[in-house]
1. What number of residues within the stretch 198-207 satisfy the criterion of being more than 13 Å from A158 (Cα to Cα) and open to solvent by less than 70 Å² (accessible area, probe 1.4 Å)?
2. Considering only the stretch 50-76, state which residues are in a loop (DSSP other than H, G, I, E, B) and either open to solvent by less than 10 Å² (accessible area, probe 1.4 Å) or out of contact with any Pro (no Cβ under 7 Å at 6 or more places or on another chain) (or both).
3. How about the stretch 94-120: which of its residues are crowded, with 23+ Cβ neighbours inside 10 Å and either in contact with a His (Cβ under 7 Å, 6 or more places away or on another chain) or not in a helix (DSSP H, G or I) (or both)?
4. Filter the stretch 77-93 for residues that are part of a loop (DSSP other than H, G, I, E, B) and acidic (D, E) and give the result.
5. Contact list please: Cβ distance under 7 Å, first residue in the stretch 210-234 and free of Cβ contacts under 8 Å to residues at least 40 places away in the same chain and among the acidic types (D, E), second residue assigned to a loop (DSSP other than H, G, I, E, B) and buried (at least 16 other Cβ atoms within 10 Å of the Cβ), pairs at least six apart or on different chains.
6. Given the criteria closer than 30 Å to E86 by Cα, more than 16 Å from the chain's Cα centre (by Cα) and open to solvent by 10 Å² or more (accessible area, probe 1.4 Å), does Q144 qualify?
7. If you take the residues in the stretch 77-93 that are open to solvent by less than 30 Å² (accessible area, probe 1.4 Å) and of a type in the set (S, T, N, Q), which one is nearest to the chain's Cα centre (by Cα)?
Amino acid sequence: MRNARRLLHFCLWPLVCVGGCAGFWDEVSSRNFKFAHLYSSPDPLVVLQESDDGWQRSKALAGLQEPLAHGGTQKDQDFYVKILTESAKSDRDPLCRIAAVKTLGRFKDPRAAEALQRVTEQNLTFTGEMNNLLRQEALKSLAQTGSPLAVEQLVKVAKEPPIEGASQDRQEVLDRRLTAIRGLGKYDYPESKETLLYILQKERDAALRARAHESLVAITGKDYPPEAKAWAEYLHPGGRHEGDAVAKQPTNNAVVDFLTWPVRQVRGY
């Protein structure tokens, strides 16, 4: 028996070194572990249908590929999106939820962004740290989708006001905002740049301003200093600055339009 254990240890050690100790022992200690899985991966759909092991299910969710991007059918697409959406929103195992959230971030299907947005606003019931981690992963994945919906949600979270309460609660809000601000750095949209400029102008927290500056640099390719004035002048060259008078907009005068209509017709405007 001792020799058999030594032989098993000797045979499996190279796999530990290649795959990483933590991941390997998680795999081996799984209730549904089979030695055949060391050499070939089981079908993710079969695992999700038959297994109740959280580790195996999370691996299966992480292994799903978007069907329409890999030669699949619309029926396959609908099925995969449904599985991932339900897992991201309601799986009892937080590891499975995180795996589903990360996979949805790789999908270009508009429903993926919608599912991720709902997760970011969900009332989660895990531990505080796990809830915080899951929301951050949902925001990161949302930023990866390239969806206009992502920009809308990231802007909303980036502008969340600070809260009063326990230090852990305040830190969770800060963490979410930092994640959202980094996500905005992937979008060269006016809403993204204006939100980041707003944070530079209005926020007192140094970490938020530093992250906003990083995202502005990522969007524009410009390396201006982390000062609101410099970025305002770049984003609004020759534009109105704070304190300048606002020019009055011309009013629509029906009488003037009627009297000048013949002249405007001759001149072509």
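The values are calculated or read from the model by the stated rules, or taken from the named source; none is laboratory data. Everything numeric in this text was worked out from a predicted model, so none of it was measured. Every residue, glycine as well, gets a Cβ built from its backbone with ideal geometry; the counts of neighbours run over all protein chains shown. Ligands, DNA and RNA are excluded from the accessible area calculation, which covers all protein heavy atoms including side chains. Shrake-Rupley method; radii C 1.70, N 1.55, O 1.52, S 1.80 Å.
1. To start, the set of residues in the stretch 198-207 that are more than 13 Å from A158 (Cα to Cα) comprises 201, 204, 206.
When the remaining residues are screened for being open to solvent by less than 70 Å² (accessible area, probe 1.4 Å), the result is 206.
Matching residues across the stretch 198-207 total 1.
2. First, the residues of the stretch 50-76 that are in a loop (DSSP other than H, G, I, E, B): 51-53, 63-66, 70-73.
Matches in the stretch 50-76: S51, D52, D53, L64, Q65, E66, H70, G71, G72.
3. F107
4. As a first pass, look at the stretch 77-93 and keep what is part of a loop (DSSP other than H, G, I, E, B): 91-93.
Hits for the stretch 77-93 are D91, D93.
5. E214/G185
6. Numbers: closer than 30 Å to E86 by Cα: yes; more than 16 Å from the chain's Cα centre (by Cα): no; open to solvent by 10 Å² or more (accessible area, probe 1.4 Å): yes.
Considered against the rule, which asks whether it is closer than 30 Å to E86 by Cα, more than 16 Å from the chain's Cα centre (by Cα) and open to solvent by 10 Å² or more (accessible area, probe 1.4 Å), Q144 comes out as no.
7. Per the criteria, the residue is T85.
Results for (1) out of contact with any helix residue (DSSP H, G or I) (no Cβ under 7 Å at 6 or more places or on another chain); (2) part of a helix (DSSP H, G or I); (3) over 24 Å from P110 (Cβ atoms), shown as yes or no for each residue.
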residue: N132; (1), (2), (3): no, yes, yes
residue: L139; (1), (2), (3): no, yes, no
residue: E160; (1), (2), (3): no, no, yes
residue: Q168; (1), (2), (3): no, yes, yes
residue: G183; (1), (2), (3): no, yes, no
residue: Y187; (1), (2), (3): no, no, no
